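Down below is the structure, laid out as structure tokens.
The values are calculated or read from the model by the stated rules, or taken from the named source; none is laboratory data. As the structure is a computational prediction, the values presented were derived from the model and not from experiment. Virtual Cβ from ideal backbone geometry, glycine too; neighbours counted across all protein chains shown.
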Protein chains: 2
Amino acid sequence: MELGIGQVAERTGMSVHALRLYEREGLMTGPVRRDAGGRRVYTEWDVEWLHYCTKFRASGMPLAKIRKFADLVRRGPETEAERLELLREHQEQVVARIAELNECLEVIASKVRVYGEHVARGSAAELWSHPAAP
Amino acid sequence: MELGIGQVAERTGMSVHALRLYEREGLMTGPVRRDAGGRRVYTEWDVEWLHYCTKFRASGMPLAKIRKFADLVRRGPETEAERLELLREHQEQVVARIAELNECLEVIASKVRVYGEHVARGSAAELWSHPAAP
DNA sequence: CTAGGACCTAGACCGGGGTCTAGGTCAACT
DNA sequence: AGTTGACCTAGACCCCGGTCTAGGTCCTAG
């Protein structure tokens, strides 16, 4: 199944601009095929790749790293160990990020709790105006 | 305890540039006090506030939202219900973000697993070169 | 024939969040 | 008196990840 850029945009949730950008920036595993008129023709493989890309992006992988990964794929199967390493590194980063967010969440939740109680018990007890605590 | 900008930078991990930026952009709960020579003098309250700010930032809150929160604090205790709402909203966003990251993590982990097995069993079994799967 | 729609390229622009520079002030040491 | 070091302001600059524009091509339907 071969798709035009618009259809790929629909299917991946990316904009056509972004799709062109990704190709220009070498984030595809190779230049996208073209039809007689020079229009991009995406394969299912391309779409699958883009699907992964969006997951990578959504998890904070910078374009540069996606490019690196794409390069490895392009360079063939002897780069698989490297690809694995790259993915594992990213995986760790995501895990770390989640941990960080959880820490932040605790802080936020504690503030929410305090404000919650405070507001509940009527803003009568005005503990906290400016110089005191956020 | 009153601190100069450099000391605050050390203590919060922010750069002095960023500290000045935060003030310019109205992210402090008020203009920072100055000494005779016009230099910033931060109070412990300021530092605590900045501490919260860094947590907010680290959890993805945009500066604009921090500014909104700072405004509410500045406007006094009658804004506490609003502050609570703002924080709760952010809290939800962080929770959602964590969920998203976890989804991504599954995808990544599955790729890692596949690559892992593949690499382990010696790159002999060359399933995956280009047109096949990332 | 012409209009519409989907696509093309190259390159400008944008928003977020800083970071850095130039040029200056001030206080303290030597 | 001179130098050092911390600080000041205003404003330029940077990176990232897109997004949008201008101007053009091509195909298809009316």
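Under the condition of being at the interface with another protein chain (Cβ under 7 Å from one of its Cβ atoms) and surrounded by fewer than 19 Cβ atoms within 10 Å (Cβ to Cβ), which residue from segment B:81-94 is modelled with the lowest pLDDT? Among them, the one singled out is B:Ala81. Regarding B:Phe56, is this residue assigned to a helix (DSSP H, G or I), farther than 26 Å from A:Glu92 by Cα and not hydroxyl-bearing (Ser, Thr, Tyr)? Considered against the rule, which asks whether it is assigned to a helix (DSSP H, G or I), farther than 26 Å from A:Glu92 by Cα and not hydroxyl-bearing (Ser, Thr, Tyr), B:Phe56 comes out as no. Residues of segment A:59-86 that are under 21 Å from the mean Cα position of the chain (by Cα), assigned to a helix (DSSP H, G or I) and without any contact (Cβ under 8 Å) to a residue 12 or more places away in the chain: A:Ala64, A:Glu82, A:Leu84, A:Glu85. From the list A:Arg74, A:Arg57, A:Arg40, the lone residue that is touching a helix residue (DSSP H, G or I) at 6+ places or on another chain (Cβ under 9 Å) and more than 20 Å from B:Asn102 (Cα to Cα) is A:Arg40. Annotation: of all residues in segment A:14-42 being away from DNA strand D (no atom under 13 Å from the Cβ) and out of contact with any strand residue (DSSP E or B) (no Cβ under 7 Å at 6 or more places or on another chain), the one that is nearest to A:Val73 (Cα to Cα) is A:Thr29.
Restricting attention to segment A:1-15, the residues that are in contact with a Phe, Trp or Tyr (Cβ under 9 Å, 6 or more places away or on another chain), within 11 Å of DNA strand C (Cβ to nearest atom) and among the hydrophobic types (A, V, I, L, M, F, W, C) add up to 3. For segment A:30-45, which residues satisfy the criterion of being within 11 Å of DNA strand C (Cβ to nearest atom) and either in a loop (DSSP other than H, G, I, E, B) or of a type in the set (A, V, I, L, M, F, W, C) (or both)? Selection gives A:Pro31, A:Val32, A:Asp35, A:Gly37, A:Gly38, A:Arg39, A:Val41.
Remark: A:Glu48 falls outside the filter, which requires a residue to be closer than 23 Å to A:Arg83 by Cβ and within 11 Å of DNA strand C (Cβ to nearest atom).
In segment B:9-28, the count of residues that are within 13 Å of another protein chain (Cβ to nearest Cβ) and not basic (Lys, Arg) is one or more. Out of the residues in segment A:16-29 that are away from DNA strand C (no atom under 11 Å from the Cβ) and either in a loop (DSSP other than H, G, I, E, B) or among the β-branched types (Val, Ile, Thr) (or both), which is surrounded by the fewest Cβ atoms within 10 Å (Cβ to Cβ)? Top of the filtered list is A:Glu25.
For segment B:44-59, does any single residue satisfy the condition of being within 14 Å of DNA strand D (Cβ to nearest atom) and either away from chain A (no Cβ under 11 Å) or in contact with a Lys or Arg (Cβ under 7 Å, 6 or more places away or on another chain) (or both)? Yes, segment B:44-59 contains a residue that is within 14 Å of DNA strand D (Cβ to nearest atom) and either away from chain A (no Cβ under 11 Å) or in contact with a Lys or Arg (Cβ under 7 Å, 6 or more places away or on another chain) (or both). Residues that are in a helix (DSSP H, G or I) and touching a residue at least 40 places away in the same chain (Cβ under 8 Å) do not occur anywhere in segment A:96-111.
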